[in-house]
Every structure is written in C-alpha cells, then in structure tokens.
1. Before we move on, is residue 104 in the same structural domain as residue 146 (by TED's automatic domain parsing), farther than 18 Å from residue 23 by Cα and within 10 Å of the chain's Cα centre (by Cα)?
2. Which of the residues belonging to the stretch 42-70 are at pLDDT 95 or above and assigned to a loop (DSSP other than H, G, I, E, B)?
3. Among the numbered criteria (1) buried (at least 24 other Cβ atoms within 10 Å of the Cβ); (2) within 10 Å of the chain's Cα centre (by Cα), which one does residue 112 miss?
4. For the stretch 84-106, name all the residues that are within 20 Å of residue 39 (Cα to Cα), surrounded by fewer than 22 Cβ atoms within 10 Å (Cβ to Cβ) and touching a Ser or Thr at 6+ places or on another chain (Cβ under 9 Å).
5. What pairs can you find where one residue is in the stretch 39-50 and of a type in the set (Ser, Thr, Tyr), the other is part of a helix (DSSP H, G or I), and their Cβ atoms are less than 6 Å apart, with a gap of 6+ or different chains?
6. Out of everything in the stretch 134-157 that is β-branched (Val, Ile, Thr) and modelled with pLDDT of 90 or more, what residue ends up being surrounded by the most Cβ atoms within 10 Å (Cβ to Cβ)?
7. Looking only at the stretch 113-135, decide whether some residue is in contact with a Phe, Trp or Tyr (Cβ under 7 Å, 6 or more places away or on another chain) and outside the structural domain of residue 81 (by TED's automatic domain parsing).
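The values are calculated or read from the model by the stated rules, or taken from the named source; none is laboratory data. Source: prediction; values computed, not measured. Cβ atoms come from the backbone with ideal geometry, glycine included; neighbour counts cover every protein chain shown.
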Amino acid sequence: VASLGPQLRGAPDEKTAAVLEAVTLRLSDGNAKVNIVALEALSSILPAVGDHAAPPALSTLVPALSANAASTNDKIRGKASAALDTLIASVSGAMLVQNMSHVVAHGNPRSKALMIGKLEKMVRDGYAEQPRLVGKHALHAALSCLNDSKVDIRAANTRLVRTLRAAMGPQLLDVAGLSPDVSR
C-alpha cells in the first residue's frame, strides 16, 4: 500500500477515494499490528493524495484517525498523531475543518485535547484561506467544549478560543451570537 503514493499523484478522485476507504477500514481493525501498518501506509500516501481526497472519504478518515489517537496503545497513538499531522499538511484546511470540528465536538474524550490542538493549528495556519468556514465550524467546536471538566481539554480549548479571537477579532462575538456584555 505504501508504494501506491507515487501512483496516486495523477489518479482520478474515485480511485483515490477507494484507496483511502480501504485504508480507513483497516484503521478500525482489532489487531494492533494491522492498525500500525495502516497508519504508516496512510502517512506515506497522504502527501500524494493531497486535495484529491474526496470529502466522503475524509468524513470517515478523520473520525477513524481520532479513534486511533484515543488508543491505549502508545505506538498506535503516536502513529495516529503523525498521520493527522500529515493529513493536515497535505489536504487543504477548507476540506478538513468541518470534519475536524465535528470530531472535536463529538469525539472520544481521550483524543479530544489532541484533536483540539490540531484544530487550533489549522485555525492559526488557515483562517485567511477560508475565514467564514473556519470561523463557523471551529468556533462551534470550541463552544461545545467550554464546559468540559478535564483539565487537558480545557487548556487546549482555551488556546483554541484565543487563536480564534486573534484570527476573528470582534467578529468572534457576532458569529458566536454573544453580546459584548455577555462575553465578559
């Protein structure tokens, strides 16, 4: 599978989606060795796939990576984090922000702090590219985590909200539906 990377560079989107779906299925395998190989293969093919990743494939890939990032196996967790970094570097933030935000808002609590950190990096690096899209989805995810009781999630969410505030300015309150008096 790892040797598919160069072949996927010019492949039609349907073929790329089929490969991503096949690898995504392996990410939910009960065998840790299969998960690790799938994560390594994914990290090697994502740079070739780039923005040719079909949105339906991303909508299953991002939650699968998040689930692997919540693994109790350190090696799987590390490989999942590396694959997420490769995904963020390879695919346009505009294509990922909705799926990443959904996983932050509704994902596994064990990977939530990591996923918030990845979303925060996407906001920092990609807000200028798609401000409305990033603001809408990332802000919703941040607001959904405000009342979380876990310290690591609260700290990561604080960084995300600060990054959103720096990127959006006073518009943050408008998008959030808050008046300046309520936000204090």
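1. yes
2. 70
3. (2) is the only condition that residue 112 fails.
4. 85, 86, 99
5. The qualifying pairs are 43/82; 43/83; 43/86; 44/5.
6. 153
7. yes
To keep it simple, each residue is scored yes or no on (1) part of a helix (DSSP H, G or I); (2) over 15 Å from residue 98 (Cβ atoms); (3) of a type outside the set (Val, Ile, Thr).
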{"residue": "128", "(1), (2), (3)": "no, yes, yes"}
{"residue": "134", "(1), (2), (3)": "yes, no, no"}
{"residue": "141", "(1), (2), (3)": "yes, no, yes"}
{"residue": "155", "(1), (2), (3)": "yes, yes, yes"}
{"residue": "160", "(1), (2), (3)": "yes, yes, yes"}
{"residue": "163", "(1), (2), (3)": "yes, yes, no"}
{"residue": "167", "(1), (2), (3)": "yes, yes, yes"}
